[in-house]
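Presented below is the structure to which this report refers.
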Amino acid sequence: MNEEKAVVLEADGLTKHFPVRRKGRAALTGPRRSVQAVDDVSLKLRRGHVTALVGESGSGKSTVARLLAQLHQRTSGDIRLHGESVKVKGGRPFRAYVRKVQMIFQDPFASLNPVHTVRYHLTRALKIHGNAGNNAKELEEALHALLLRVQLTPPERYVDKFPHELSGGQRQRVAIARALGADPEALLADEPVSMLDVSIRLGVLNLLRDLKERLHLAILYITHDIASARYFADDTLVMYAGRMVEGGDSETVTQHPAHPYTQLLIDSAPDPDRLGVDGVGSGSTPKDSAGGEPPSLIDPPTGCRFHPRCPKVMARCSTELPPRFDVGDGEGHWAACWLFDGEVHAS
């Protein structure tokens, strides 16, 4: 299959600025300010591929997912479904879009109505998207098929339960089944395992991987855990303070990180090989910690947004925004960092 034909959903220059509510005299005379949550984000989701979007809290990952799901109206940029530009606000165009693009939220308990059963949630999804069949028997078969698809067996055990009667992992599987009720081509998974016990996270990730392979889904996997991105995703994109800073295949990005921020993310991940003498603690501490806090997105730093915390900062980093530079240790591997400017290496 041609690579470009395999692209289901793509974003080009996606930008979202949230206006800051002004009070008092500033509401009349003060300048208009905004939170620059997402700036110039471009990505492609391909059929049968998982793309991970990694970054710390507040980096803009979830906003990107909500923009792709058309839950937020973008400030600028383009979203294309099968190559055609899409911008919908509601009604039939929105319903047609969400048949193809479904979102899985972080907290399954919050995303499921606590006063309704599993049957209600899945039946509603099937009926709205025209997949309920022509009679009660076909609807029941479709319900059972969804539960079997997410490995909740036997279906009769779960179909009439309420969300509070299920475990966290089971609730998330119901949320995934509800998304599959639309028969989508792309899934936007916003930290789908971060609210779950560590012991069951792997099972949900394996389920998503199985669905990707069997249904040829394009999946955006949002996470702050770069180690799980290496395990689960084909490609990894790294985001900091609303901007993309690095991307490439997951093995290359996680094993040969190019951008200083990605290096610090990996260094801060727990590693048994870096445990201290007492066996605790040091595995989660970066070797080369970045000082300070993430920047304000109301007044972000000029130039590279990471430069106030970067251990390898240069003079131009504070004034010039770095473009994407190809990194030579992997096909398609790039980093938005002046360290990879040919002129820097030449000097």
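The values are calculated or read from the model by the stated rules, or taken from the named source; none is laboratory data. Computed from a predicted model, the values in this text were never measured in an experiment. Counting neighbours? That spans all protein chains shown, and the Cβs are built from the backbone with ideal geometry, glycine included. The area values use the complete protein model at the heavy-atom level, side chains included, leaving out ligands, DNA and RNA. Shrake-Rupley method; radii C 1.70, N 1.55, O 1.52, S 1.80 Å.
What to note about this one:
- Ordering of 297-309, 250-262 by packing [mean C-beta count within 10 Å, highest first]: 250-262, 297-309
- Measuring r between the beta carbons of MET314 and PHE109 and using R0 = 41 Å, the FRET efficiency lands at 0.30.
- Net charge dipole size for the chain [Lys, Arg +1 and Asp, Glu -1 on Cβ; Debye, nearest 20]: 1920 debye
- Heavy-atom surface analysis with a 1.4 Å probe gives segment 301-344 a carbon and sulfur content of 55 percent of its accessible area.
- Packing around the peptides 66-72, 213-219, 184-190, taken as the average count of other Cβ atoms within 10 Å per residue, puts them in this order, highest first: 184-190, 66-72, 213-219.
- Sequentially through segment 126-139, phi angles give Karplus couplings (6.51, -1.76, 1.60; θ = phi - 60°) of 5, 5, 4, 9, x, 10, 8, x, 9, 7, 5, 5, 5, 4 Hz, Gly and Pro residues having no value and appearing as x.
- Amide proton proximity set for LEU237, modelled H, under 5 Å, gap of 5+: ALA52, LEU53, VAL54
- Segment 58-162: translational diffusion in µm²/s, Stokes-Einstein, Kirkwood Rh over Cα pairs, 10 °C, 1.306 mPa s: 100 µm²/s
- Computed FRET value (nearest 0.05) for GLU165 with LYS87, which takes r as the C-beta separation and R₀ as 35 Å: 0.30
- Backbone HN-Hα couplings from phi across segment 229-243 [Karplus 6.51/-1.76/1.60, Hz, Gly and Pro as x]: 5, 5, 6, 9, 9, 7, 10, 10, 10, 10, 10, 9, 6, x, 10
- Cα gyration tensor category, rounded, prolate or oblate, for segment 163-242 with a/c compared to 1.5: oblate
- For segment 72-79, putting each phi into the Karplus relation 6.51 cos²θ - 1.76 cosθ + 1.60 with θ = phi - 60° gives couplings of 10, 7, 6, 6, 7, x, 9, 10 Hz, in residue order, rounded to whole numbers and with x for Gly and Pro.
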